[in-house]
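A.B. asks: Pasting a structure below so you can have a look.
The values are calculated or read from the model by the stated rules, or taken from the named source; none is laboratory data. What you see is a predicted model; the values in this text were computed from it and never measured. Neighbour counts run over all protein chains shown; Cβ positions are idealised from the backbone, glycine included.
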Amino acid sequence: MDYKKKVAITLKKANSLTAKVLKMTEDDKYCIDIIQQNLAIIGLLKSANLALLEGHLGCCVVNAAKAGDEKRINVMMDEILKVVKTAQNK
């Protein structure tokens with residue numbers, strides 16, 4: 001299974017779990033139970049994000065390198081650094 005299909009499955013799980021957490025909140029469930037489920041969503045989203053980054057590095061960046069497109073590689077490196085910095089600040 002390719003990485004984008006795995007990411008889609010992970011995002012669908014996160015989406016489903018988000019609906020569950022919303023319902024738990026609306027039903028005034030115990031806060032710690034809601035927090036635990038919310039942390040599970042965060043974990044799924046982080047996992048999807050990492051899989052996307054790995055796929056980008058293994059496909060898009062490799063293709064740019066094989067083509068010898070230094071300008072595109074530099075742009076991609078800047079993009080990657082930007083998303084990594086953004087992820088660290090969250």
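A.B. asks: Test ASP33 against the criterion of being more than 19 Å from VAL84 (Cα to Cα), modelled with pLDDT of 95 or more, exposed (fewer than 12 other Cβ atoms within 10 Å of the Cβ) and not aliphatic (A, V, I, L, M), and give yes or no.
C.D. replies: Considered against the rule, which asks whether it is more than 19 Å from VAL84 (Cα to Cα), modelled with pLDDT of 95 or more, exposed (fewer than 12 other Cβ atoms within 10 Å of the Cβ) and not aliphatic (A, V, I, L, M), ASP33 comes out as yes.
A.B. asks: I'd like the full set of residues that are under 18 Å from VAL7 (Cβ atoms) and either surrounded by 13 or more Cβ atoms within 10 Å (Cβ to Cβ) or among the polar types (S, T, N, Q) (or both), limited to the range 54-77.
C.D. replies: The answer is GLY55, HIS56, CYS59, CYS60, VAL61.
A.B. asks: Now for a different question. Which of the residues spanning the range 76-90 are basic (Lys, Arg) and outside any helix (DSSP H, G or I)?
C.D. replies: LYS90
A.B. asks: If you go through the range 38-49 one residue at a time, do you hit one that is modelled with pLDDT under 95 and more than 13 Å from the chain's Cα centre (by Cα)?
C.D. replies: Scanning the range 38-49, I find no residue that is modelled with pLDDT under 95 and more than 13 Å from the chain's Cα centre (by Cα), so the answer is no.
A.B. asks: Of all the helices (runs of 4 or more DSSP H) wholly in the range 3-67, which have at least 2 residues that are touching a residue at least 40 places away in the same chain (Cβ under 8 Å) and touching a helix residue (DSSP H, G or I) at 6+ places or on another chain (Cβ under 7 Å)?
C.D. replies: The helices (runs of 4 or more DSSP H) meeting that bar are 3-26, 31-56.
A.B. asks: Starting from residues that are among the acidic types (Asp, Glu) and in contact with a helix residue (DSSP H, G or I) (Cβ under 9 Å, 6 or more places away or on another chain), keep the ones in the range 68-90 and report whichever is modelled with the highest pLDDT. Step through it out loud before you land on a result.
C.D. replies: Applying the first criterion (among the acidic types (Asp, Glu)) to the range 68-90 yields 69-70, 78-79.
Cutting the leftovers down to in contact with a helix residue (DSSP H, G or I) (Cβ under 9 Å, 6 or more places away or on another chain) gives us 69-70, 79.
Working: ASP69: 91, GLU70: 93, GLU79: 96.
The qualifying residue modelled with the highest pLDDT is GLU79.
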